[in-house]
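For reference, the structure I am asking about is given below.
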Amino acid sequence: MADPRPILTMTGISKDFPGVRALADVGFRLFPGEVHALMGENGAGKSTLIKVLTGVYDVDQGEIALDGEPVRFSGPLQARQAGVSTVYQEVNLCANLSVAENILIGREPRRFGAIRWAALRRRAAELLRRLQLDIDVTAPLGTCSIAVQQMVAIARAIDVSAKVLILDEPTSSLDAGEVGQLFQVIKRLKDEGIAILFVTHFLDQVYEVSDRVTVLRNGRLVGEYLTRDLSQIDLVGKMIGKELQVLEHLDEERAPAAPEPVVEARALGRRGAVAPFDLTVRRGEVVGLAGLLGSGRTEVARLLFGADRADHGRILLDGVPVSLRTPRAAMGRGLAFCSENRRTEGLVEELTVRENIILALQAVRGWARPIPRRRQEELVGRYIQALRITPADPGLPVRALSGGNQQKVLLARWLITEPRLLILDEPTRGIDVGAKAEIQRLVVSLSKDGMGVLFISAELEEVLRLSHRIAVLRDRRMVAQMVNEGVDADRVMRVIASGESS
Amino acid sequence: MSRETDAVRDERVVADGESDLVAPRGAGRMRGLARHRLLWPVLVLVLLLLSNLIFTPGFFEIEVRQGHLYGSVVDIVRFGAPLILVALGMTLVIATGGIDLSVGSIVAICGAMACLRISDLGDQNEVTGVLAAIGLALALSLVLGLWNGALIAGVGVQPIIATLILMVAGRGLAQLITGGQIITINSSPYKLIGAGYWLTLPFSILVALAVTALAVLLTRRTALGLLIEAVGGNAEASRLAGIRSRRIMLMAYVFCGFCAGVAGLMISSNVSSADGNNAGLWIELDAILAVVIGGTPLAGGRFSIGGTVIGALIIQALSTTIYTIGVPPETTLLFKAVVVTVVCLVQSPAFRARVFRRRAPRPLPVAEKPKAEVAR
């Protein structure tokens with residue numbers, strides 16, 4: 001089915017960022033007329049690989065060959081002229097321009113410098129017909145659905161005699177019907193012999209549309225597989241990986257959770273984010289949320305904390321219905337949420353360690369009641385010591401700290417508010433093994449003291465080690481909840497892969 | 001010569017004192033950082049003042065005449081007082097990530113309102129009447145600041161647009177108040193604010209000092225400064241940390257309006273008249289410049305009140321210098337622009353790095369690393 005000669009080969013690609021090796025000796029092939037899925041968890045290096053390919057980043061090491069010729073693009077524009085086009089997750093078109101203008105922007109048919117509008121519309125309509133789409137090309141793009149916008153972005157990308165089309169999570173904001181429409185287009189392009197690199201987090205879509213899968217993990221190539229030879233469970237296993245490092249053993253046993261619930265979600269949901277779910281966290285209980293990236297883990301946390309507003313269901317605290325419309329309201333009721341995006345949603349980077357740690361407590365007290373300086377220093381000092389934040393200097397700007405220590409600063413911020421429910425979204429991602437073990441130990445001891453913890457992690461081992469109960473999410477739906485007794489990683493992986501809770 | 005170097009040292013001491021006021025951080029390291037942050041503005045100011053010596057040998061002479069303090073340096077602070085006031089308010093607004101273009105109009109409106117009320121008085125030297133006029137004008141400035149804040153924090157209009165509205169409409173409002181005329185008054189109590197002396201010091205300097213102290217107290221003795229810096233530094237993280245950012249922003253604009261109002265009183269008092277067209281014209285630009293020179297980034301976040309005061313003094317010292325060295329009037333604006341450009345460039349660490357270490361490897365954009373981390 002696929003031409004034996006790859007149109008695109010990347011060999012031995014390495015890319016370093018200061019302090020991080022984003023890609024290490026990664027190879028990748030793309031054959032004409034096939035859809036190739038690039039899979040991997042957050043931080044696996046998918047985006048970096050695409051950016052290296054399209055010239056957004058320089059390559060540190062390795063070769064890229066297009067059609068057998070070695071190439072090195074200086075930027076996306078040059079890549080596109082050579083036939084490598086990219087459609088990004090967020091549609092980056094101009095909503096105020098018409099469909100036709102969007103498709104042909106930058107290369108409008110002209111005569112004497114003036115745009116030939118009739119020709120422009122005709123060309124655009126032709127291109128869309130090639131995708132068998134019937135869209136009014138004069139309509140402003142903003143009036144079209146996201147799916148149509150996505151198609152327009154594709155039409156725009158393939159206009160320039162594309163050989164390779166890169167689709168970076170094109171389906172993440174589409175509903176099921178729109179995804180089907182998009183896949184029709186993908187199949188048509190595939191039949192025309194265009195090679196398609198497809199990035200998604202939805203497993204079903206991989207199996208529906210792709211011929212070949214390449215899996216990355218932590219910037220390394222795990223392998224390239226034919227999709228039909230790879231079972232869903234194997235794919236999940238390869239993406240998540242087994243925890244290779246031997247973490248320090250958690251000698252403390254999980255204490256039994258108290259029966260009284262701290263927070264109960266009843267059919268809580270938000271359209272486009274996560275389907276309605278029920279979830280209960282009891283005093284002293286650690287509930288783990290498992291699932292792949294984009295499965296709705298974070299959305300569950302944000303709904304509980306009031307960071308997003310639920311449009312369905314309700315929340316009960318101590319059995320009493322409450323309205324948590326803002327983070328502030330949730331904090332007032334003893335909830336705390338440590339976001340997965342340390343930089344964008346957590347730290348204020350230019351502030352010091354001390355200021356970042358007291359921020360939430362100060363926010364609750366209001367501006368007119370500053371925490372006395374001595375009390376601040378005492379609190380901050382205590383938590384710097386307890387969490388072993390290094391360097392132990394509260395006056396340092398927080399951006400000067402390593403990722404693990406920044407995470408501990410965020411933890412400290414929430415711990416000094418003495419929450420009853422602590423929501424931790426990927427608290428151990430991107431930090432070293434030592435800090436990881438410390439944070440895990442902390443979670444255990446907090447729950448022993450009666451705090452409820454909702455623990456979200458992409459690493460199954462970690463979820464299994466810490467949780468009393470595990471809730472599994474798949475494609476923005478909570479598909480199973482299980483008591484963590486005799487549950488192993490394989491079983492959870494099976495649920496993630498199949499969506500069935502048996 | 002020795003007296004002059006003393007004066008220079010005094011200048012430094014003042015600057016350091018201010019930096020400590022702004023950042024009363026316990027750790028020695030932070031104090032070092034704060035000092036470092038103000039190093040360049042202070043150097044520029046000192047250089048600017050010193051350059052005056054070439055043209056005016058007696059530049060740093062200060063004398064007490066009839067119980068009043070006189071001298072070129074005193075004049076710089078005295079004439080710079082309105083700018084200091086406006087720039088103080090602007091500092092907090094910019095720290096939240098916003099901007100206030102309407103301060104010039106607020107200056108005009110408040111001056112006009114005060115002068116109008118005073119001109120209506122039977123006896124313009126009656127203290128209670130003057131105080132009432134001042135109170136009314138300041139209340140009006142608070143309302144105008146509240147209007148800006150409500151548009152921006154409440155309705156969600158972009159700061160530059162929201163304050164542009166008042167910038168343009170405010171001039172009209174000022175002219176309505178003055179009836180399109182220049183209101184001239186003759187009130188000695190009112191004259192005190194802008195041109196009078198108290199305890200040998202020009203009263204305007206005392207007012208500027210008092211408002212500076214108020215700003216420092218408000219931001220550093222309460223948690224307001226921290227919350228402003230958090231909102232300006234990372235609005236989403238601040239929201240998730242439970243900060244009511246709207247309220248914080250509202251307060252910044254109200255304070256900014258108040259500062260502009262006081263400056264308006266000062267300016268109109270100094271000339272004993274209110275000119276709806278020209279009072280405080282372009283002062284918003286000088287104020288923004290003062291804030292930036294003082295080391296507060298336009299993007300918001302960390303702010304430095306001491307830096308802003310120094311920045312305002314730099315701008316005033318520059319204007320004074322232009323007059324004393326006799327730059328032809330038709331080239332003063334150009335001359336000022338050149339100096340300001342140089343000052344801004346010298347302050348920029350990126351520019352200094354490029355000039356002084358031309359061959360040094362360009363630091364990798366920090367933003368790229370996390371991009372790789374959150375790769376999707």
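So, restricting to strands (runs of 3 or more DSSP E) that lie completely within the range A:426-489, which ones have at least 2 residues that are closer than 20 Å to A:Arg302 by Cβ and open to solvent by 30 Å² or more (accessible area, probe 1.4 Å)?
Passing ranges, in order: A:478-483.
Residues being more than 11 Å from chain B (Cβ to nearest Cβ), among the β-branched types (Val, Ile, Thr) and under 12 Å from A:Val199 (Cβ atoms): count how many of those fall in the range A:33-60.
The total comes to 1.
State whether one or more residues within the range B:354-366 are part of a helix (DSSP H, G or I), away from chain A (no Cβ under 14 Å), modelled with pLDDT of 75 or more and closer than 30 Å to A:Lys15 by Cβ.
There is at least one residue in the range B:354-366 that is part of a helix (DSSP H, G or I), away from chain A (no Cβ under 14 Å), modelled with pLDDT of 75 or more and closer than 30 Å to A:Lys15 by Cβ.
Hand me the list of helices (runs of 4 or more DSSP H) wholly inside the range B:149-230 holding 3 or more residues that are in contact with a Gly (Cβ under 9 Å, 6 or more places away or on another chain), of a type in the set (Gly, Ala, Ser) and touching a residue at least 60 places away in the same chain (Cβ under 8 Å).
It comes to B:203-216.
Tell me which residues, restricted to the range A:280-293, are within 19 Å of A:Ala310 (Cβ to Cβ) and open to solvent by 10 Å² or more (accessible area, probe 1.4 Å).
Within the range A:280-293, A:Thr280 is the sole residue that qualifies.
Here is a check on your reading of the model: is A:Gly272 more than 14 Å from chain B (Cβ to nearest Cβ), open to solvent by 30 Å² or more (accessible area, probe 1.4 Å) and in a loop (DSSP other than H, G, I, E, B)?
Yes: the conditions hold for A:Gly272.
Now, a different point. Say whether the condition of being among the small types (Gly, Ala, Ser), assigned by TED's automatic domain parsing to the domain that holds A:Arg220, in a strand (DSSP E or B) and at pLDDT 90 or above is met by at least one residue in the range A:15-25.
Among the residues of the range A:15-25, not one is among the small types (Gly, Ala, Ser), assigned by TED's automatic domain parsing to the domain that holds A:Arg220, in a strand (DSSP E or B) and at pLDDT 90 or above, which makes the answer no.
What are the residues in the range B:216-230 that are hydrophobic (A, V, I, L, M, F, W, C) and either in contact with a strand residue (DSSP E or B) (Cβ under 9 Å, 6 or more places away or on another chain) or open to solvent by less than 10 Å² (accessible area, probe 1.4 Å) (or both), if any?
Residues satisfying the conditions are B:Ala223, B:Leu224, B:Leu227, B:Ile228, B:Ala230.
Could you tell me which of the residues A:Arg388, A:Arg413, A:Arg369, A:Arg375 is at positive phi and either part of a loop (DSSP other than H, G, I, E, B) or outside the structural domain of A:Gly284 (by TED's automatic domain parsing) (or both)?
From the options A:Arg388, A:Arg413, A:Arg369, A:Arg375, the qualifying one is A:Arg388.
What number of residues within the range A:390-414 satisfy the criterion of being without any contact (Cβ under 8 Å) to a residue 40 or more places away in the chain and not β-branched (Val, Ile, Thr)? So that I can check it myself, show each step before the final result.
Pass one, the range A:390-414, residues without any contact (Cβ under 8 Å) to a residue 40 or more places away in the chain: A:390-392, A:400, A:402, A:404-405, A:408.
Add one more test, that the residue is not β-branched (Val, Ile, Thr), and what stays is A:391-392, A:400, A:402, A:404-405, A:408.
Number of matching residues: 7.
Of all residues in the range B:232-253 being of a type outside the set (Gly, Ala, Ser) and more than 9 Å from chain A (Cβ to nearest Cβ), which is least open to solvent (accessible area, probe 1.4 Å)?
B:Tyr253
Do the conditions hold for A:Ile416, that is, is it β-branched (Val, Ile, Thr), open to solvent by less than 50 Å² (accessible area, probe 1.4 Å), within 22 Å of the chain's Cα centre (by Cα) and farther than 23 Å from B:Arg302 by Cα? Before the answer, list the steps.
Numbers: β-branched (Val, Ile, Thr): yes; open to solvent by less than 50 Å² (accessible area, probe 1.4 Å): yes; within 22 Å of the chain's Cα centre (by Cα): no; farther than 23 Å from B:Arg302 by Cα: yes.
No, not satisfied.
Could you identify the single residue in B:Ala279, B:Ala312, B:Ala210 that is open to solvent by less than 10 Å² (accessible area, probe 1.4 Å) and of a type in the set (A, V, I, L, M)? Let's see the steps before the verdict.
On the way: B:Ala279 fails: open to solvent by less than 10 Å² (accessible area, probe 1.4 Å); B:Ala210 fails: open to solvent by less than 10 Å² (accessible area, probe 1.4 Å).
Result of the check over B:Ala279, B:Ala312, B:Ala210: B:Ala312.
Check the range B:215-222 and report whether any residue there is within 14 Å of chain A (Cβ to nearest Cβ) and touching an Asp or Glu at 6+ places or on another chain (Cβ under 6 Å).
No, the range B:215-222 contains no residue that is within 14 Å of chain A (Cβ to nearest Cβ) and touching an Asp or Glu at 6+ places or on another chain (Cβ under 6 Å).
Would you check which residues across the range A:9-65 are buried (at least 22 other Cβ atoms within 10 Å of the Cβ) and small (Gly, Ala, Ser) and list them?
If the condition is that a residue be buried (at least 22 other Cβ atoms within 10 Å of the Cβ) and small (Gly, Ala, Ser), then A:Ala22, A:Ala37, A:Gly40, A:Gly43, A:Ala44, A:Gly45, A:Ser47 are the ones that fit.
On to the next question. If I ask for residues that are open to solvent by 10 Å² or more (accessible area, probe 1.4 Å) and part of a helix (DSSP H, G or I), which ones from the range B:285-297 would you list?
B:Leu285, B:Asp286, B:Ile288, B:Leu289, B:Val292
If you go through the range A:379-393 one residue at a time, do you hit one that is within 24 Å of A:Ala307 (Cβ to Cβ) and within 13 Å of another protein chain (Cβ to nearest Cβ)?
No, the range A:379-393 contains no residue that is within 24 Å of A:Ala307 (Cβ to Cβ) and within 13 Å of another protein chain (Cβ to nearest Cβ).
Follow-up. Is one or more of the residues making up the range A:345-362 more than 9 Å from every other protein chain (Cβ to nearest Cβ), at pLDDT 90 or above, part of a helix (DSSP H, G or I) and over 30 Å from the mean Cα position of the chain (by Cα)?
Within the range A:345-362 (the criterion being more than 9 Å from every other protein chain (Cβ to nearest Cβ), at pLDDT 90 or above, part of a helix (DSSP H, G or I) and over 30 Å from the mean Cα position of the chain (by Cα)), the answer is no, since none of the residues qualifies.
Taking the range A:125-165, which residues are part of a helix (DSSP H, G or I) and among the basic types (Lys, Arg)?
Matches in the range A:125-165: A:Arg129, A:Arg130, A:Arg156.
Here is a yes/no grid of residues against (1) more than 26 Å from A:Ser498 (Cα to Cα); (2) touching a Lys or Arg at 6+ places or on another chain (Cβ under 9 Å); (3) more than 14 Å from chain B (Cβ to nearest Cβ):
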position	(1), (2), (3)
A:Gln407	yes, yes, no
A:Pro419	yes, no, no
A:Ala435	yes, yes, yes
A:Met451	yes, yes, yes
A:His468	no, yes, yes
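Continuing with this model, one more query. Within the range A:306-334, how many residues are at the interface with chain B (Cβ under 10 Å from one of its Cβ atoms) and in contact with a helix residue (DSSP H, G or I) (Cβ under 9 Å, 6 or more places away or on another chain)?
The number of residues fulfilling the criteria is 8.
The values are calculated or read from the model by the stated rules, or taken from the named source; none is laboratory data. Keep in mind that what you see is a predicted model, and the values were worked out from it rather than measured. Cβ atoms come from the backbone with ideal geometry, glycine included; neighbour counts cover every protein chain shown. Calculation scope for accessible area: heavy atoms of the full protein, side chains included, ligands and nucleic acids excluded. Shrake-Rupley method; radii C 1.70, N 1.55, O 1.52, S 1.80 Å.
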